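Visitor: Below you will find the structure I want to go over with you.
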Amino acid sequence: MASRSKEILSSEELDYIQQLFAQPEHEPEEVGGWLRVSEDAAGLIEAFSDSPRIELQAGWQGHRLRFPLKPRARVDTGEMTLEVGIPEILEGGERSRSWRVSSASDDEMQLVDQSGLLERPRVVNLSYTGMAIEQPADHIPNLSQPLTDLRLVLPGEAEFVRLLGYVVRHTQLDDKRVQLGICFEPLEDNTKDLLGRYILRRHKELQASAQ
């Protein structure tokens with residue numbers, strides 16, 4: 001990779017990003033990688049080493065992808081790099097929001113509320129920032145009470161994802177069902193990675209089926 005080119009990303013780095021969204025013939029590889037930082041920019045990057053706001057954004061098939069970048073020093077050479085994380089998928093224009101993956105079936109994503117505030121919730125859609133669920137209309141939780149122990153099981157995952165959040169809206173669907181909008185509290189890194197891998201995989205599958 002050319003470190004002193006006028007281009008922000010080298011051709012190898014652009015190829016890497018494009019490969020993340022190519023439909024694989026077999027199981028997809030883990031998302032990850034790193035970008036090399038030129039020597040004259042390494043000092044500037046190090047000054048932001050504690051910032052969570054370093055990111056790379058790219059457009060892809062009508063969506064915007066936001067890759068988190070974390071400064072890292074390579075163990076073998078000490079070279080400063082930017083570690084590429086799992087991207088958040090955004091949709092919309094100036095007022096964009098996290099892309100939501102809809103549940104393909106009633107049993108695709110299983111949600112349990114250990115606190116007992118929700119009753120038999122069914123996941124309608126899911127994003128990095130929240131989810132929509134349906135549940136019986138006669139059991140609407142107090143909107144001022146936080147959801148302190150949501151446990152979400154994603155397809156293909158042996159362990160559940162623990163989430164914290166609160167209800168921000170509710171819509172009466174009919175006499176028996178109500179839809180609730182849940183906003184998550186800030187996610188821990190491992191939780192964000194689990195959600196991100198699932199959302200990215202479903203996005204790739206839907207993009208491939210639409211072609």
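The values are calculated or read from the model by the stated rules, or taken from the named source; none is laboratory data. Computed from a predicted model, the values in this text were never measured in an experiment. Ideal geometry is used to build each Cβ from the backbone, glycine not excepted, and the neighbour counts take in all protein chains shown.
Visitor: Please work out if residue 180 is over 17 Å from residue 98 (Cα atoms), touching a residue at least 24 places away in the same chain (Cβ under 8 Å), out of contact with any helix residue (DSSP H, G or I) (no Cβ under 6 Å at 6 or more places or on another chain) and outside any loop (DSSP other than H, G, I, E, B).
Guide: Details: over 17 Å from residue 98 (Cα atoms): yes; touching a residue at least 24 places away in the same chain (Cβ under 8 Å): yes; out of contact with any helix residue (DSSP H, G or I) (no Cβ under 6 Å at 6 or more places or on another chain): yes; outside any loop (DSSP other than H, G, I, E, B): yes.
Against the criterion (over 17 Å from residue 98 (Cα atoms), touching a residue at least 24 places away in the same chain (Cβ under 8 Å), out of contact with any helix residue (DSSP H, G or I) (no Cβ under 6 Å at 6 or more places or on another chain) and outside any loop (DSSP other than H, G, I, E, B)), residue 180 qualifies.
Visitor: Of the numbered conditions (1) β-branched (Val, Ile, Thr); (2) at pLDDT 90 or above; (3) farther than 15 Å from residue 111 by Cβ, residue 182 fails exactly one; give the number of that condition.
Guide: (3)
Visitor: Taking the stated definitions as given, is residue 76 over 23 Å from residue 56 (Cα atoms), surrounded by fewer than 17 Cβ atoms within 10 Å (Cβ to Cβ) and without any contact (Cβ under 8 Å) to a residue 12 or more places away in the chain?
Guide: Numbers: over 23 Å from residue 56 (Cα atoms): yes; surrounded by fewer than 17 Cβ atoms within 10 Å (Cβ to Cβ): yes; without any contact (Cβ under 8 Å) to a residue 12 or more places away in the chain: yes.
When the stated conditions are applied, residue 76 passes them.
Visitor: Another question, then. Tell me which of these residue 138 doesn't satisfy, since it passes every other one: (1) without any contact (Cβ under 8 Å) to a residue 40 or more places away in the chain; (2) touching a helix residue (DSSP H, G or I) at 6+ places or on another chain (Cβ under 7 Å).
Guide: Unmet for residue 138, out of (1) without any contact (Cβ under 8 Å) to a residue 40 or more places away in the chain; (2) touching a helix residue (DSSP H, G or I) at 6+ places or on another chain (Cβ under 7 Å): (2).
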